[in-house]
Structure formats: C-alpha cells, structure tokens
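Take a look at the structure below.
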Amino acid sequence: MAAEEEKVLEKTVDELNQQRIDLEKEINNLNLIKIEKLKSINDELENKIEWMDKERIKATKERDNLLRKVRHSNDKNWKSALKMITILGVLDLVVIPAIITLLAIPLQWIFVSLGLVTFFGVMLIVNYMSGTSPFNTGEIRKAITVSLITVYLAFVPLMAFGLVVFPVGNSAQAIVTNFTWLIGAVIVLYFATRPLEEYIKTIANKK
C-alpha cells in the first residue's frame, strides 16, 4: 500500500508540475500579447502625434498665409479708399463749384449738391471699408454726420465773405446759430448712439 500511495503522490506531483508549467506558458503568452498590444498602441499614438504635428505645422502655415493675405487686402482697401476719398474731395471742392459757376446756378444750390454728393460718397466709402453688402445704421449715421459737417464748413466761409444772400427778413446770425446748434446735436448724437447700441447688443447677448 505504501508503494501504491507513493506512486499516486508522484503522479499527483507530476500533474501539478505540468499544470504549473502550463500556467507559466499561458502567463508568458498573455504577457507577450499584452506587450504586443502595448507596442501597437504606442505605435498608433506616435503616428497620431506625428500626424498632429504635421497638421499643426500645416495650420500654422495656412494661418500665416491668411494673415499675409488679410494685410495685403487691407493695404489694397486703404489705397482704394484713399482714391475714393480723393475723388470725393475733387467733386466737392472743384467739380461742383465749377458747375455752379459755369452754369450760373444760384450759389445756394452748392449746399444741396455738397450734401448729397458727400452723403452718398461717404456711405459708399464706409460700406466698402466695412466689407458688408447691405448698408447698416452705422454707415448711414457716419454719412449723415460727415455730409452735414461738410455743408457747415462750406456755409460758414461763404457767409463770412458775403457770397451767400439770405432771404429778406432773416438774420445771418440767427441762421448760423441755428445751424451750429444742429451740427452740435448731430455730433453729440453720433458719439452717444454708438455706446448705446453696444449696450443693447450686450444685453441681448446675455439673454
């Protein structure tokens, strides 16, 4: 019986050793699979990092190109705007007075012509510089202010030199005073309405 028990124990020990060897093999295989997976994940991450670096460099180059284009476009816009302002100035200072003089039109019409030409000219220039297709209230406000100031600056010298004839019964001083008050009110409203618009936009955005 002792010999048989010893054989059974030896057999059991051999089986346990074999199971231990099998478990070690399985553990090694699992470790190899994990290592391969980790290597694969690491390679994927390195490839993604490399791709992101390339995309970042590409985006930086595109941003730099866009900034250069914007600067170049702004330069062109300013040059075009200066040309338009020059044309408007020539119309106001040379062409309109020449037409009024040559056609012997009453001098009072120079103010109407200056106001209309300056209004539409400034509105077109401001709209061109802003890059918006429809005219907004800010552009119209600028055009009205500039046209009224232009008429005022033309009116005062002509009145001072006695070139403007006033209707009978109207005081020159009263007309100049009222016109000055009008220009002052327009300038105040021009600078006051912009902060009000920004405040209204801020409240609308918060809601």
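Quick notes
- The residues neighbouring Asn29, those whose beta-carbon lies less than 11 Å from its own, together hold a net charge of -2 under the Lys/Arg +1, Asp/Glu -1 convention.
- Order by protection proxy (mean Cβ within 10 Å, highest first), peptides 51-58, 139-146: 139-146, 51-58
- For the pair Lys34 and Tyr199, a Förster radius of 45 Å applied to the C-beta separation gives a FRET efficiency near 0.10, rounded to the nearest 0.05.
- Stretchable slack from Leu189 to Leu16, in nm (0.36 nm times residue separation minus alpha-carbon distance): 52.4 nm
- Cβ-Cβ distance of Met84 and Thr180, R₀ of 41 Å, FRET efficiency by 1/(1 + (r/R0)^6): the value works out to about 0.90.
- Most to least packed among 195-206, 119-130 [average Cβ atoms within 10 Å]: 119-130, 195-206
- Net charge contributed by nearby residues that have their C-beta within less than 11 Å of Met129 (K/R +1, D/E -1): 0
- Net charge, Gln19 excluded, C-beta distance under 14 Å - Lys, Arg +1, Asp, Glu -1: -2
Since every read-out is calculated from the coordinates, none of them should be taken as a lab result. All values derive from a computational prediction rather than experimental measurement. No Cβ is skipped: glycine too gets one built from the backbone with ideal geometry, and neighbour counts run over all protein chains shown.
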